Amino acid sequence: MMDTHYSILGCSDGSSFEEIKKRYQELALKYHPDKAIISNEQDREKFVLINQAWNVLREPDTRLKYDAELKHLESISNPLIYSTVEVRDLEYDKECNIYFYPCRCGSVYNIHKDELSPPEYLLECNDCSFCLLIKV
Ligand SMILES: [Zn+2]
């Protein structure tokens, strides 16, 4: 799980402005180099991160933009699985050694027999954001 501006402030992307502001104020106080009883390198870094997060999340415009970036990152790390199938569920072209499976977008997943690596193969659709998970 990567750190986001939200997780740094101990909030979520559903948190209200007031909640985020309150958390920021608490953390900024805790990690402020002038206030901290023992100020070490880690705390100073944390203070920088807290301020970076706040500077993005405090403005509705930059927060929206950041939310969009997060969504994009999430879609890469958590693929949308259209269906989980076994090799025998796929259509097979014996002459070309290619397996086929229809995607819900109207496109067709296709993969060469030699590319299928066990135990699972995640095949991306060329035309939409869905993936087919093939149990090999
Ligand atoms: Zn598709």
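Please treat every number below as a calculation from the coordinates, not as lab data. Just so we're clear, the structure is a prediction, and the values are computed from it rather than from any experiment. Ideal geometry is used to build each Cβ from the backbone, glycine not excepted, and the neighbour counts take in all protein chains shown.
In the stretch 56-136, what GluC sites (Glu not before Pro) fall in a loop by DSSP, with at most 14 other Cβ atoms inside 10 Å?
Glu95
Please check: in the Gaussian network model of the chain (C-alpha springs, under 10 Å), which one of Pro60, Pro33, Pro118 has the largest mean-square fluctuation.
The residue with the greatest mean-square fluctuation here is Pro118.
Under a point spin-label approximation (7 Å from Cα along Cα-to-Cβ), what is the Cys105-Ser75 distance to one decimal in nm?
For the pair Cys105/Ser75, the computed spacing is 0.9 nm.
What is the distance in Å between the Cα centres of the stretch 5-55 and the stretch 65-81?
First find each Cα centre; the distance between them is then 24 Å.
Could you tell me the number of lysine pairs in the chain with C-alpha atoms less than 29 Å from each other, where the two lysines are 8 or more residues apart or belong to different chains?
Eligible lysine pairs with Cα atoms under 29 Å apart amount to 19.
For a bin width of 5 Å, list the pair-distance distribution of the stretch 5-77 built from all Cα-Cα distances, rounded to whole %.
The percentages, shortest bin first, are 3, 17, 25, 21, 15, 11, 5, 2, 0.
Restricting to Cα atoms and excluding each atom paired with itself, what does the Kirkwood estimate give for the chain in Å?
18.5
Label points 7 Å out from Cα along the Cβ direction at Val136 and Cys96: separation in nm?
2.0
Principal axis lengths of the stretch 80-135 from Cα atoms, whole Å, largest first?
Taking max minus min along each principal axis of the Cα atoms, the stretch 80-135 gives 27, 23, 16 Å.
Which length gain, in nm to one decimal place, applies between Ser129 and Arg88 when the Cα-Cα distance is subtracted from 0.36 nm times their residue separation?
12.4 nm
Using the Cα centre of the chain as the reference point, and only Cβ charges (+1 on K/R, -1 on D/E), how large is the resulting charge dipole? Debye, rounded to the nearest 20.
540
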